[in-house]
Amino acid sequence: MESVDLSVEDIVDLLCAEGSDVSGIEAKAAHQGYPQDLAPTLSAFANMPGGGVIVLGLNERSGFEAVGVYDVADAQARLASQARKAVAPPLQVSFTTGDIEGSTIVLARVRELPATDKPCEVRATGHAYLRSYDGDYTLSELERQGFVANRGVARHDQAPAQGAMRDDLDDGLVATYVANCRARSPRLASMPDDDVLRATRVVTREGVPTLAGIYTLGRYPQMHFPTLSITANVAARPGDPIGTRSADIAHFDGPLPELLDQAVAWVRRNTATRVRFGTDGHGRDEPEYPTEAVRELVANALVHRDLGPHALSARVTMTLRDDRLVITNPGGLHGLTLEQLGTGTGGSARNQSLYDISKDVRTVDGRRVIEGIGSGIATVRQALREAGMTPPRFIDAGIRFTAIVPEHALLDPDDLEWLATLSAARGLTDTQRHVLAAMRHGESWTNRSLRDRFPMDSTEARALLTDLVERKLAVALGDGRGRAYRLGPAAGPTFSLVPIPEKRPKHSDLILSILTDGPRSMRDLIDATGLTERQVSYTLKRLREIGDIDLLGGAGQRGTVYRRT
């Protein structure tokens, strides 16, 4: 679920668990007046896939404490006015209010603009913005051009490659390509070679190689377009010498099918194999990342990268981290959303000529670069599922697209057998199955630890954990940032509700040090610490929940004191 669709309570809960703003949510205190200029944030959310939410009435500096809004009607009117007048094109913002701890919170939901209207700019400065985790950053001129180029159907791949000639195409690749075209098309079968190349947009009518033609079939495309290449590196891993930045940095060049082969081979070279036991009981060596999944993701990055002049300063990049493979290409999704990826619905090729040519281009082993039936992402998910791995995560940042494949060991056969006995576990995602298996062995999870282990954002992590709680497969203990999840009653006889040591709140050590000398009242603690009444009250409440202090007397009664246990 997108941040823009969450309720007031869900957003407050998510921010408290995260401990800071997230990419799709911006919180402002607004209890002492309207916040300073929100136009850059309005611009950023309008330009971002999925849009975003501006929250008024939460103070980030005090752990997203609900402080309320100075005047709800006035704040909504001002923000709506900014959305209409301070940015171009004007935006429509919808409002929702809610009550949190007696304070009124306002949500302003900003929907993403259609691609034909991007980028949204701040009128006063002419700048356009995007989000980067919890802040807004100004679009560069090249990034702005990328948005403008996406307003129509891109045809950069059909443009003639300046300075290239017919002789710059690789004879061997061309011969195989032409043979494949003739084999699938009776019409093309009767044409001379050069006519086939013209008809399929490998060369222009004048016989000059197109950008798509030189990229897929050129002897050395990088002579004309140096960034039609891949840069790969292995990030520093635990145990590497201090100061290590990366290892095995590689730069791949050559035509597209060779780029694909080199990238897949590099991943295999830099990752381990593991033994997987089949139903016949025999162990087989398998790559750490399924080769089919890697191949499809690299092919997607190469074929669907942005080829506009604004994007030809960037390469496709690959990074192998300790726990994941990250593949990024310039250019966001084109004609479809993240939710439509791999479903076989919607979408269109960013580079239609390149896409069509790639269906008839073969790698060294005789395989097509792409199948051309929109099945690539579905194949990736299937390959990872068959390997017992968690599904990939995709991030569309509008001007770049990233695929992340987590590296996780196979589930133990005993865990698989245990999961099969749980009726409540039917329909769980692969990630949830891994989480539940870890809980079975005593591990607890927080929103943060889940995101550290499995690439996802706070909204997805919260939804995943909440689903386990609703199924009674997990229980939630604590609140806010200290909320943790352990195995629940629907998990069978292995369930036991053992209290989880909770992280102490920020001012715990200070208050506990004062209570070491004996019981103190609330007023004594406020005077001794210099903290506000709200800060002391919150810390005392949490320390009581954890069991570090006792209350002697009754809340609000004269003579009530707190003491260490």
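The values are calculated or read from the model by the stated rules, or taken from the named source; none is laboratory data. Here the structure is a predicted model, which is why all the values come from computation and not from measurement. Counting neighbours? That spans all protein chains shown, and the Cβs are built from the backbone with ideal geometry, glycine included.
Quick notes on this one:
- Filtered residue count, the range 17-54, keeping only those that are over 26 Å from Phe147 (Cβ atoms) and of a type in the set (A, V, I, L, M, F, W, C): 4
- Residues that are of a type in the set (Val, Ile, Thr) and modelled with pLDDT under 95, drawn from the range 111-124: Thr116
- Residues (within 22 Å of Thr390 (Cα to Cα), aliphatic (A, V, I, L, M) and crowded, with 17+ Cβ neighbours inside 10 Å) located in the range 308-344: Met318, Leu320, Leu325, Val326, Ile327, Leu341
- Checking each residue in the range 363-399 for being of a type in the set (Lys, Arg) and not in a loop (DSSP other than H, G, I, E, B) picks out Arg368, Arg381, Arg385, Arg393.
- Listed by position, the helices (runs of 4 or more DSSP H) inside the range 96-213 whose residues that are touching a residue at least 40 places away in the same chain (Cβ under 8 Å) and closer than 25 Å to Pro257 by Cα number at least 2 are 171-184.
- Here Glu101 meets the list (1) loosely packed, with under 15 Cβ neighbours inside 10 Å; (2) modelled with pLDDT of 90 or more almost entirely, failing just condition (2).
- Considering Arg433, Arg426, the condition of being modelled with pLDDT of 80 or more, surrounded by 17 or more Cβ atoms within 10 Å (Cβ to Cβ) and basic (Lys, Arg) is satisfied by Arg433 alone.
- Total residues in the range 209-265, condition at positive phi and modelled with pLDDT under 95: 3
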